[in-house]
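See below for the structure under consideration.
The values are calculated or read from the model by the stated rules, or taken from the named source; none is laboratory data. Since the model is a prediction, treat every value here as computed from it, not as a measurement. Backbone-built Cβ (ideal geometry, glycine too); neighbour counts: all protein chains shown. Side chains included, ligands, DNA and RNA excluded: accessible areas come from the protein's heavy atoms. Shrake-Rupley method; radii C 1.70, N 1.55, O 1.52, S 1.80 Å.
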Amino acid sequence: MPRASGDKLGGAGAPSVGKGQGLRVTCVVDNCVSRGGLLAEHGLSLLVEAQGGRVLFDTGESGAVVRHNLKALRAAVPDAVVLSHGHTDHTGGLEALAPLLSRRPLVAHPGIFEERFSGPERRSIGMNRERQQVLEHAFLPRLSDQPTEVVPGVWTTGEIRQRPYPEGRGKLHVVKVGDSFAPDPYRDDLSLVLKVRDGVVVLLGCAHAGVLNILEAVRERLDVPLVAVIGGTHLAGVPQEHLRELSQRLQAWGSPQLYLNHCTGADSLFHLRYLMPDLVRPFGAGSQVEFAQTALA
């Protein structure tokens, strides 16, 4: 069983995850905090400490918050950064982290640098050419739409192409197509898959591809139990029928633990907790969960 806590993350002067020990996931940035000394903002960043290395999954909305929280958590320097998608609330801290993470891998979908917009005023909420040039100079981009190993035991899902279940859509999210705009297809949306002793753990950014679509893709590729799902699910404001279907499907798939935050929405989170009281927990900044991990050869 995973163990959740709000304890301090390992870093300088603290023990790190090593061979024969567990895999640890810590929420660095979220809309809410679970302990004192941290800052909150509308954004997401998760730190994975595995035997094979440390991975920062997304960087929150601002450099100030992610840098403050990483320092407060005494976090060790990540070996790589993975971006779940191009929206600013998941990529906004990149430039501020560049001096700390100079020339480390930046893993993402090839569409990560496509500019995205929101609202009737077409406000930019993603990357642009200027940011792309800065980040390509600061990091080592590894862009692929296929599942990619980031460090041993930590993989991206790659692009989620089959989407029979509802997607996590924002009504006002658009991309530019020629001289007009079209709904964002969210092709750049990817998640992380962590291999642990009892199966896999899936980390979601915003799950724009749809929670069930993502998990179904993982289940089809890896015939192992789904142990836990962590992160944002873009379920804010969805009908309760959608949440009931999600609950039923997850319980049929082995009842993974759910550590939810960011774009899940408070109402949806607590309704899911009503439907699955033993499985659902909020996962604000400072929250931490550990999983047993088979020792690497």
Rounded to the nearest 10 Å², the 1.4 Å probe accessible area of residue 280 is 0 Å²
Determine ³J(HN,Hα), in whole Hz, for all residues of segment 201-218 in sequence, where each value follows from phi through the Karplus function 6.51 cos²θ - 1.76 cosθ + 1.60 and θ = phi - 60°; x replaces Gly and Pro. 10, 10, 9, 10, x, 10, 6, 4, 6, x, 3, 5, 5, 5, 5, 5, 4, 5
If I model a spin label as a point 7 Å beyond the Cα along the Cα-Cβ vector, how far apart are those points for residue 39 and residue 219 in nm? 4.0 nm
Does segment 55-110 come out rounded, prolate or oblate, given a ≥ b ≥ c as the square roots of the eigenvalues of its C-alpha gyration tensor, rounded meaning a/c under 1.5 and, failing that, prolate meaning a/b above b/c? oblate
Gain in length, residue 123 to residue 270, computed as 0.36 nm per residue apart minus the alpha-carbon separation, to one decimal in nm? 49.8 nm
Under 5 Å, built H, 5+ apart or other chain: amide partners of residue 280: 258
Cut-off 13 Å, label point 7 angstrom out along Cα-to-Cβ of residue 134: give me the residues of segment 43-82 whose amide nitrogen falls inside. 62-64
Go through 195, 176, 171, 71 and list them by solvent-accessible area, largest first, probe radius 1.4 Å. 171, 71, 176, 195
Rounded to the nearest 0.05, what FRET efficiency is calculated for residue 278 and residue 172 with R0 set to 35 Å and r the Cβ-Cβ distance? 0.45
When the helices in the chain are scored as -39500 (n - 2.57) per DSSP H run of 4 or longer and the sum is shared across all residues, what 222 nm value do you end up with, to the nearest 500 deg cm²/dmol? -6000 deg cm²/dmol
Gained length - residue 249 relative to residue 144, 0.36 nm times residue gap less alpha-carbon distance: 34.9 nm
Read phi for every residue in segment 43-54 and hand back ³J(HN,Hα) as whole Hz from Karplus 6.51 cos²θ - 1.76 cosθ + 1.60, θ = phi - 60°, with x for Gly and Pro. x, 8, 8, 10, 10, 9, 10, 10, 4, x, x, 10
